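Visitor: Got a structure for you, questions after.
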Amino acid sequence: MGKHDREIEVKLLTQGYTSLPAVDKIVCGALKDLVQCRPVIYGCATDSYYDSPEDSDADFVRIRELDEPKNPHIPAEVTAKASDRGGNVNRIEMDLGIESASQGNKLMALLLGDMKGRVTKRYTVYFMEDQDTTVSVYKVFKDKRVFVEVEATSLRRVKELIAVLQAAGLEFVRVEQSLFQLFVKHVPMTTVPV
């Protein structure tokens, strides 16, 4: 989660790669010399998505079940995101740790209706200066594309980290949709140059 419940993040689609380990190796090499590069998390997450109520500003509500949680006492989280500034680069993100994804899904179904879809992804997360500056590499199951997300407390820092990854040889386009839009709502992907 970003600073002050804001997420400043750019979702990138790698060009010319379908192998998560290959992209991960390049990202790891590019980040290894950065000052204060912190522990890395590897794992798998299953996200269950729900539409937000019509009178809500939220784009969606998500229950995330982690196979390798940062805190073993909080193996899941509920998240709401709102694109209050017209896109996914700088938006509201509110997370709440929960003890059970199953119970979270039951509560969301009661409050919001049927689950709209599930997305499972394998990922690696690299932490930088603080918990709010990360580079994530992931691949959605049954999809050949490899994504990279760069999140920080400022767009300037996001752009600096993208430049580091590009200098290491990765080529990207920026994806304008969320995973919810792409894999649950099946909105066609639109990209822009980085």
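Visitor: Among the residues of region 120-133, count how many are out of contact with any Phe, Trp or Tyr (no Cβ under 6 Å at 6 or more places or on another chain) and in a strand (DSSP E or B).
Guide: Summing the residues that are out of contact with any Phe, Trp or Tyr (no Cβ under 6 Å at 6 or more places or on another chain) and in a strand (DSSP E or B) in region 120-133 gives 4.
Visitor: Here's a follow-up. Within region 94-111, can you find the residues that are surrounded by 18 or more Cβ atoms within 10 Å (Cβ to Cβ) and either within 21 Å of residue 186 (Cα to Cα) or touching a residue at least 60 places away in the same chain (Cβ under 8 Å) (or both)?
Guide: 108 - this is the single residue of region 94-111 that is surrounded by 18 or more Cβ atoms within 10 Å (Cβ to Cβ) and either within 21 Å of residue 186 (Cα to Cα) or touching a residue at least 60 places away in the same chain (Cβ under 8 Å) (or both).
Visitor: Go through 164, 150, 158 for me and flag whichever is touching a residue at least 40 places away in the same chain (Cβ under 8 Å), part of a strand (DSSP E or B) and either closer than 22 Å to residue 193 by Cβ or not polar (S, T, N, Q) (or both).
Guide: Selected residue: 150, the only one of 164, 150, 158 that is touching a residue at least 40 places away in the same chain (Cβ under 8 Å), part of a strand (DSSP E or B) and either closer than 22 Å to residue 193 by Cβ or not polar (S, T, N, Q) (or both).
Visitor: Then there is this: I want to confirm something. Restricting to region 123-144 and keeping residues that are surrounded by 16 or more Cβ atoms within 10 Å (Cβ to Cβ) and of a type in the set (D, E, K, R), which single residue is modelled with the lowest pLDDT? Don't jump to the end; show me each part of the working.
Guide: Filtering region 123-144 for residues surrounded by 16 or more Cβ atoms within 10 Å (Cβ to Cβ) gives 123-128, 132-140.
Narrowing the set further to residues that are of a type in the set (D, E, K, R) leaves 132, 139.
Working: 132: 80, 139: 97.
In this case the residue turns out to be 132.
Visitor: A further question on this structure: Which ones in region 173-183 are outside any loop (DSSP other than H, G, I, E, B) and either out of contact with any Ser or Thr (no Cβ under 9 Å at 6 or more places or on another chain) or under 18 Å from residue 91 (Cα atoms) (or both)?
Guide: 174, 175, 179, 180, 181, 182, 183
Visitor: Among the residues of region 11-46, write down those that are in contact with a Phe, Trp or Tyr (Cβ under 7 Å, 6 or more places away or on another chain), in a loop (DSSP other than H, G, I, E, B) and at pLDDT below 85.
Guide: Hits for region 11-46 are 37, 38, 39.
Visitor: When the residues of region 65-79 are narrowed to those that are modelled with pLDDT under 95 and crowded, with 19+ Cβ neighbours inside 10 Å, which ends up farthest from residue 107 (Cα to Cα)?
Guide: 66
Visitor: Please specify each residue of region 85-119 satisfying the condition of being among the β-branched types (Val, Ile, Thr) and either within 19 Å of residue 149 (Cβ to Cβ) or assigned to a helix (DSSP H, G or I) (or both).
Guide: Residues satisfying the conditions are 89, 92, 119.
Visitor: Can I ask one more? Counting only residues that are surrounded by fewer than 21 Cβ atoms within 10 Å (Cβ to Cβ) and of a type in the set (Val, Ile, Thr), which one in region 164-181 is nearest to residue 63 (Cα to Cα)?
Guide: Applying the filter and picking the extreme gives 173.
Yes/no matrix, rows are residues, columns are (1) without any contact (Cβ under 8 Å) to a residue 12 or more places away in the chain; (2) touching a Pro at 6+ places or on another chain (Cβ under 6 Å); (3) small (Gly, Ala, Ser); (4) farther than 26 Å from residue 154 by Cα:
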position: 55; (1), (2), (3), (4): yes, no, no, yes
position: 60; (1), (2), (3), (4): no, no, no, no
position: 67; (1), (2), (3), (4): no, no, no, yes
position: 72; (1), (2), (3), (4): yes, no, no, yes
position: 83; (1), (2), (3), (4): no, no, yes, no
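The values are calculated or read from the model by the stated rules, or taken from the named source; none is laboratory data. Values in this document were obtained by computation on a predicted structure and should not be read as measured data. Counting neighbours? That spans all protein chains shown, and the Cβs are built from the backbone with ideal geometry, glycine included.
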